[in-house]
Structure formats: structure tokens, C-alpha cells
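K.L.:
Quick one: this structure, given as C-alpha cells, is what I'll be asking you about.
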Amino acid sequence: MATVIPPPSKKQKKEAQKVREVDLVPDDLPNVLIKFQASDTGETTGGSIRVPGGITEKQLEELLNNLQGESDDPVPYTFSLLTDEEKSTTVDIKDNLYSSVLKPGIKTTEDFLTLVYTPRAVFKVKPITRSNAAIAGHGSTILCCQFAPNDSGRMCSGAGDSTARIWDCNTQTPMHTLSGHTNWVLVVSYSPDGSMIATGSMDNTVRLWDAATGKPLGKPLLGHTKWVSSLTWEPLHLVKPTDSPRLASGSKDGTIKVWNTSTRTCEFTMSGHTNAVSCVKWSGSNIIYSASHDKTIKAWDISATGKCIQTLKSHAHWVNHLSISTDYVLRKGGFDHNSTRTNTETREQLRAKALQQYEKVAMLNGVISERLVTASDDFTMYLWEPLKSSKPVCRMTGHQKLVNHVSFSPDGRYVVSSSFDNSIKLWDGIRGTFVCTLRGHVAPVYQTAWSADNRLLVSCSKDTTLKVWDIRTKKLSVDLPGHADEVYAVDWSMDGKRVASGGKDKMIRLWSH
């Protein structure tokens, strides 16, 4: 069921016949004064510099690399102009300074321009173009899947047949079947150190498994009175050197429980929601955020044994999903795209690396700022800075039906939302402003996953296809038919080599370039 592009409409034909202006930079454009400022630390580089008014993005990159003494091994950057110091609002610079800033009249050649620079990911993920394998094994609909943070050759999936399975993606074979649950497995999650897998099920229990052998770690974690809908691990940089990371679970019974994974006991229960908890996330500043069907989002301070410090109310219907701007970096712990080849670091080195990577993404103008975005059945999303205010930063509207899934890009610069109106929307992750709509799916979009370098996005839908989108061009890059029925779960490995997907046809599919 590939997507057929419809013929151009009358309006599009008319547009195509119009005479187009060519964006030429005038020859007599005066020079402008600029300064470079780092997006994370807010430090400036090289003082004020006089440059031509038509300087291109490539030339700005060369200039900055020369100033930083990195001309031998240049780092790729993106640039945006700081238009308002207080609100830190920016305008992205595409192509050159003239067409992005001077021609639209945002600034004149007499203004002093502050250019904020952000390093792009150094390694490049190639778009996924083909299906390598369709592996059978599950006896029922596949509901969730996740790659290990330390090895793209390992992936875990959970299904309606009451089992989770670990797959070897290098040989494309099933490795271990994790059986023990007595009802659907709704959620699987790897610990940030890659050593354990947690599964949550409709049988109201959470189970822990050894990620290498697939053996159960002790008895199931009992306590919830209804099914377990969401799991989140304690970020690696917060784990004490002698301990295992803790786990938090959210349930349909309206409570969130924090589990000690060494003793397999419940440390404390956080109750305050009046309806089902749909999503829980453990942030890098030791706060757990929970979204619920009672239309609220609550922030719980874990250092104060689960005290509720903030209740965010703005949504008019169920809150389906939430994402933190540091989600990706917390999930990968101390690993990066090279870790899958070298798993030699000690726990202490991994913790130090996890903290360093976390701070890099969480820093905004020199302070740690974790942003939160929530998606709801009321067709809208809200962007929050919950530790600063209980009022949202902005309301993000535009979807025509419920918003099912939302996620920040790995660097926190973009937010992507998937909706039952068949579209995916891209938003600015700092200000919450609308960027563009990605259209191509012909049925509700269930989930999306980012590539580790922020350049690509893969989405899965009820229309049986996966689609890969290029974020720079904002266009469809590859259409991936292959599944025989709805696709519910998709994940992209940390090193960017593979995508895994599963759904109603009971098949795990692995995709590569």
C-alpha cells in the first residue's frame, strides 16, 4: 500500500506558471558587525567581527572553525540570529545572511548581530531504505520495541502473546523469549547501563530480566492494582556508584511506584492522580513527570521521597504522552554511536560520560533547563518549563484530531508530534513555534523515532507503512512498505544503523540503508 502522489491542483498549476524572483545578493551590500555566541554556554567567540552582508552559512562555519582553531578538523554548525536578548528568540540562518535576515527586514546592516551557533552531530546517519529481515516469533500483535543503548545488535519487543523477546539483529534471529507475564506486555525498557530489561504488562506486574541471558531477575514486582502503562529508569548520572538504577512505573490505577531493582522492593508510591497514568518520565534533575487521563501533569521530587512539587493544568482532555528535552541523552546513558563496538568502560567512566552528555543537551544559555512537552486528546500540545512556572510556555495547536505521541529530537532543538489526523508536525523545541507539517501517511500515525544525528525521522502508521523524513528539506525521504497490517511500534538504534518495527502482523521487521 504505497502512497500515490495526487496530480497537481489548479492552484498549484497557476503557481508553477508565475514568474519567480531569483534570490540574488546585491553587489553594493555593506558589511555588517557580528559576534558568535554558543547556544549551550552563552559564551562568545572572537569578539565583534566585520563580515560581508551576503555571507553564506558555509563561510560562517569556516570563519568560526578558524576562530576556534579547528580548521584542520572542522565541526559542522547551524546558525541562528538572536532577535530578542530577554526572550532569547532566534531566527534560523538558511543559505546566507542577506536572504534570512536583511531582506525580510528582521535587522538592518547598521545593527549589531549576535549569531548563536549549535554544533551539528559529527557522524551522519544514512536514511533507511530497505527491509533486511521479517522475523516471526510472536504469536500476537507486537505492541512495543526498543534497542539496547549499548548494542545496536540487540532489540527487545513486547507483544499481546504475554511474552517479550530479545532479538539478535546481526544474525536476524530470536535470542531469548522472556515468558512469565500472564497478559499482554505493553511496555519494554532497557536500563541506561544496558544490563537489565524491564517489562510492564496488563497482568498488573513489572518484571526484570538480565539483558544478556534473558533470565528473570527474581520474582515479579507486585503492587499495582491495574495494568502497567509506562516505565522509566533512573538516569545513569544520578545512580549511586554502588547501586543499580531504580525504576519507576505508571499504571492505570493512577499511581506511580519507584522500585529498587537490587532488592526488588517498592521504595515509595506516589498517588495524587484521579485517573489512569498514561506516561512517566524520569528527568536528569531527579524529578519524575507523570501524565494522566485526569487532564493533569504532575512533577514529583524524588530526592524528597516523591513529594508532588508541581501540578500542570491546561489540557482539556486526557494527556496521552509527554517528552522531556533530554529524553534521548538519558536513554543512551554513557554510551554513544561508537559504544556498540567498545564496551570497555567501567561504571564510573560511564557515569561521568553520562553526566557530561546530559549537561551538553540540558544547557541553554549557560543554565540547565529541561523543557517538557505534553500531547493530548484535546488535539493540542503544551510546552512547559515546569521548574520555573506552572504556566505553559506556549500552546501548540494545528492538529485536527488527537495527538498520540510526541518526542524531542536528540539535541532538544525540535519537537515532533504524531496524530490521528494522518499528519506529523514539527515544532521548535525551545520556543514551541510551528515549523512544518509532514504529510504522506494516509491513516493515523502512531509513533515516531529520531535518528541519533537529528537529521532524520521515521514514523509508523495504521496505513501499514513506515516513512523516513528528512528534517533539513522537510520532505519525505523514503517510503517503506512491507508490513501486512498496522504498525504500532518503531525504534531507531543508537548508532543509526538500523530501524526495528512491529505491529498487528506479528512480524518484527529490521530495516537498514
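The numbers here are math on the coordinates, done by the rules we state, and not lab data. All values derive from a computational prediction rather than experimental measurement. Note that each Cβ is placed from the backbone with ideal geometry, even for glycine, and that neighbours are counted across all protein chains shown.
K.L.:
Enumerate the lysines that Lys18 could reach by cross-link, defined here as Cα to Cα under 18 Å, with residues fewer than 8 away along the same chain left out.
P.N.:
Result set, ordered by chain and number: Lys10.
K.L.:
Another question about this same structure. Just to be sure I understand the model, the point goes 7 Å from the Cα along the line to the Cβ. What's the resulting Ala212 to Thr274 distance in nm?
P.N.:
Output for this residue pair reads 5.0 nm.
K.L.:
Okay, next question. Read through the labelled values (i) 76, 54, 47; (ii) 100, 45, 44; (iii) 145, 63, 38 and report the label of the one computed as Cα extents along the principal axes in Å from the structure.
P.N.:
Given (i) 76, 54, 47; (ii) 100, 45, 44; (iii) 145, 63, 38, the structure-derived one carries the label (i).
K.L.:
In the neighborhood of Lys504, defined by Cβ-to-Cβ distances under 11 Å, what is the net charge if each Lys or Arg adds +1 and each Asp or Glu adds -1?
P.N.:
For residues surrounding Lys504, the net value is -1.
K.L.:
Rounded to the nearest 500, what is the 222 nm mean residue ellipticity of the chain from helices alone, with -39500 (n - 2.57) per DSSP H run of 4+ residues and division by all residues?
P.N.:
-2500 deg cm²/dmol
K.L.:
Can you list the residues of region 400-427 with backbone N under 20 Å from a point 7 Å past the Cα of Leu387, pointing along Cα to Cβ?
P.N.:
408-414, by backbone N distance to the label point.
K.L.:
Over 31 Å between Cα atoms, which of Lys126/Lys281; Lys11/Lys126; Lys124/Lys215; Lys307/Lys506; Lys11/Lys425 qualify?
P.N.:
Listed pairs above 31 Å: Lys11/Lys126; Lys124/Lys215; Lys307/Lys506.
K.L.:
Any idea what angle helix 57-67 forms with the longest principal axis of the chain, computed on alpha-carbon atoms, 0 to 90 degrees, nearest 10?
P.N.:
90 degrees
K.L.:
Further question: Hey, what angle do you get for helix 347-362 against the long axis of the chain, alpha-carbon based, 0 to 90 degrees rounded to 10?
P.N.:
Roughly 50 degrees, rounded to the nearest 10.
K.L.:
Would you mind computing, in nm to one decimal, how far apart the modelled labels at Asn66 and Val4 are, each placed 7 Å from Cα along Cα→Cβ?
P.N.:
Output for this residue pair reads 5.5 nm.
K.L.:
Which length gain, in nm to one decimal place, applies between Asn365 and Lys124 when the Cα-Cα distance is subtracted from 0.36 nm times their residue separation?
P.N.:
Gain in length upon complete extension: 84.1 nm.
K.L.:
What distance in nm separates the two pseudo spin-label positions at Lys11 and Asn183, each 7 Å out from Cα along the beta-carbon direction?
P.N.:
Placing both labels 7 Å beyond Cα along the Cβ direction yields 4.8 nm.
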